[in-house]
1. On the basis of being over 25 Å from Gly23 (Cα atoms) and either in a helix (DSSP H, G or I) or in contact (Cβ under 8 Å) with a residue 12 or more places away in the chain (or both), does Ala161 make the cut?
2. State yes or no: is Lys129 assigned to a loop (DSSP other than H, G, I, E, B), under 18 Å from the mean Cα position of the chain (by Cα), of a type in the set (D, E, K, R) and loosely packed, with under 15 Cβ neighbours inside 10 Å?
3. Between Gln6, Gln29, which is at pLDDT below 95, over 14 Å from the mean Cα position of the chain (by Cα) and either more than 18 Å from Glu64 (Cα to Cα) or assigned to a helix (DSSP H, G or I) (or both)?
4. When you scan the range 43-61, do you find a residue that is over 29 Å from Leu170 (Cβ atoms), of a type outside the set (Lys, Arg), in contact (Cβ under 8 Å) with a residue 24 or more places away in the chain and touching a helix residue (DSSP H, G or I) at 6+ places or on another chain (Cβ under 7 Å), even just one?
5. Considering only the range 157-185, state which residues are exposed (fewer than 14 other Cβ atoms within 10 Å of the Cβ) and modelled with pLDDT of 95 or more.
6. Mind checking whether some residue in the range 153-174 is charged (D, E, K, R) and within 27 Å of Ser58 (Cα to Cα)?
7. Name every residue in the range 164-213 that is of a type outside the set (Gly, Ala, Ser), in a loop (DSSP other than H, G, I, E, B) and within 25 Å of His11 (Cα to Cα), in order of residue number.
8. Just one of the numbered conditions (1) among the hydrophobic types (A, V, I, L, M, F, W, C); (2) touching a Ser or Thr at 6+ places or on another chain (Cβ under 7 Å); (3) at pLDDT 95 or above; (4) farther than 16 Å from Gly141 by Cα is not true of Leu34; which one?
Amino acid sequence: MPKEYQDVVTHLMLVHTEGELTGADDYVQLFYPLAPNAYERMICCERAAEEIDHYMLSAAVLAEIGVDTSYMLTQKIHERRYYTTELVRDIRTWMERGIYSFLGEQVVFDHLTEFAECSYKPFAEIFPKILRDERIHVAHGFRIVRDACRTDEGRAEAQAALNRLWPAVLDLFGRANSERSKLYLKWGIRKTGNEELRLAFSANMRPRLEALGLRVPPDVENRKFV
């Protein structure tokens with residue numbers, strides 16, 4: 001394989017592997033304390049276990065090419081350098097956690113769907129299991145938001161969370177002119193660019209949010225990566 005391809009694929013797999021591990025920490029360290037009852041705390045633990053499983057699947061693919069990721073297990077979240085996002089660290093309420101899982105984890109799902117057709121087949125082959133789990137993560141977030149929107153008070157809380165997080169959710173897709181994204185497209189690691197994925201996400205999610213009685217902010221408002 002060309003050196004550029006090796007470097008790009010290895011980087012992507014490291015980002016994904018670290019991201020899954022950080023996802024587990026997010027559920028346990030950030031979402032669990034916000035959970036309003038024992039049932040929701042149990043669900044947070046289940047989601048964390050799934051994220052650890054995803055880490056193990058990805059780590060095994062890297063191990064096959066001699067890349068050891070076991071050091072990630074002893075790192076604090078702030079010490080991880082491949083997968084960083086301010087969005088999750090900034091979640092303050094259970095409702096914001098619901099909006100994040102409904103929308104932010106859908107962004108993750110959209111990216112992972114692309115990786116399921118990655119030109120590096122050992123990596124692509126782990127994603128059917130991961131995508132099944134991630135679909136449940138998104139559905140959990142939707143349930144939290146849907147149930148809240150059944151009352152005026154809950155809908156107002158969901159609207160406030162949506163207003164604050166929508167720009168950051170769109171920014172999760174990355175910069176429209178990302179050089180790394182171009183390399184992913186060049187080598188068949190992804191088939192769709194950041195901006196195209198972002199536009200499709202907005203078009204798909206707006207009707208779902210509006211059906212709950214929520215108003216979706218303009219896509220360019222308060223964005224960092226326009």
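The values are calculated or read from the model by the stated rules, or taken from the named source; none is laboratory data. All values reported here derive from a predicted model rather than from experimental measurement. Cβ: placed from backbone, ideal geometry, glycine included. Neighbour counts: every protein chain shown.
1. In short, no.
2. Against the criterion (assigned to a loop (DSSP other than H, G, I, E, B), under 18 Å from the mean Cα position of the chain (by Cα), of a type in the set (D, E, K, R) and loosely packed, with under 15 Cβ neighbours inside 10 Å), Lys129 does not qualify.
3. Sole residue among the options that is at pLDDT below 95, over 14 Å from the mean Cα position of the chain (by Cα) and either more than 18 Å from Glu64 (Cα to Cα) or assigned to a helix (DSSP H, G or I) (or both): Gln29.
4. Yes: one or more hits.
5. Once the filter is applied, which keeps residues that are exposed (fewer than 14 other Cβ atoms within 10 Å of the Cβ) and modelled with pLDDT of 95 or more, the range 157-185 yields nothing.
6. Yes.
7. Within the range 164-213, Leu172, Phe173, Arg175, Asn177, Trp187, Ile189, Arg190, Lys191, Thr192 meet the criteria.
8. Of (1) among the hydrophobic types (A, V, I, L, M, F, W, C); (2) touching a Ser or Thr at 6+ places or on another chain (Cβ under 7 Å); (3) at pLDDT 95 or above; (4) farther than 16 Å from Gly141 by Cα, only one is false for Leu34: (4).
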